[in-house]
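Have a look at the structure below, then the notes.
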Amino acid sequence: MDRNGDASNERVLVARIDGVPGGTSVDEKGNLYVAAKGIAIYSPEGHPIHVMEMKEQPSNCAFGEADDKSLFITARGVVYRVRLDVKGAGGTEALSRRWSLRVRA
């Protein structure tokens, strides 16, 4: 982001996501979590780290709870909670400061 809050130095971080991308979240290390066919986790450089496979296709994911180490995942009317060893990045403000996201399938 530049001083005016406009996107600058845009680049494709992740291409060819398996499934239809939905919601995204970022952890304190800058890893990107994408709800698609499971929860795909990518490094800040866009390298795949892990996929949390799920029975149902997730639609969104967000960090929460007092310590911000729970990832909440929505899928077909159900909310899942996964405990992680990392914290969320601090909400959409932190996300918008770090990334200018455009997810492409």
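So that you can scan it fast, the table gives a plain yes or no per residue for (1) modelled with pLDDT of 95 or more; (2) hydroxyl-bearing (Ser, Thr, Tyr); (3) more than 23 Å from VAL12 (Cβ to Cβ); (4) surrounded by 15 or more Cβ atoms within 10 Å (Cβ to Cβ):
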{"site": "CYS61", "(1), (2), (3), (4)": "yes, no, no, yes"}
{"site": "ASP67", "(1), (2), (3), (4)": "no, no, yes, no"}
{"site": "PHE72", "(1), (2), (3), (4)": "yes, no, yes, yes"}
{"site": "ARG76", "(1), (2), (3), (4)": "no, no, yes, no"}
{"site": "ARG81", "(1), (2), (3), (4)": "yes, no, yes, no"}
{"site": "ASP85", "(1), (2), (3), (4)": "yes, no, yes, no"}
{"site": "THR92", "(1), (2), (3), (4)": "no, yes, no, no"}
{"site": "ARG97", "(1), (2), (3), (4)": "no, no, no, no"}
{"site": "VAL103", "(1), (2), (3), (4)": "no, no, no, yes"}
Go through segment 17-43 and report how many residues are in contact (Cβ under 8 Å) with a residue 60 or more places away in the chain and of a type outside the set (Gly, Ala, Ser). 9
Which residues, counting only those in segment 35-74, are part of a strand (DSSP E or B) and under 13 Å from ASP18 (Cα atoms)? ALA35, ALA36, GLY38, ILE39, ALA40, ILE41, TYR42, PRO48, HIS50, VAL51, MET52
Among the residues in segment 42-53, are any surrounded by fewer than 17 Cβ atoms within 10 Å (Cβ to Cβ), over 13 Å from the mean Cα position of the chain (by Cα) and closer than 21 Å to VAL12 by Cβ? yes
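The values are calculated or read from the model by the stated rules, or taken from the named source; none is laboratory data. Every value quoted in this text rests on a predicted model; they were computed, and no experiment measured them. FYI the Cβ positions are ideal-geometry reconstructions off the backbone, even for glycines, and counts take in every protein chain you see.
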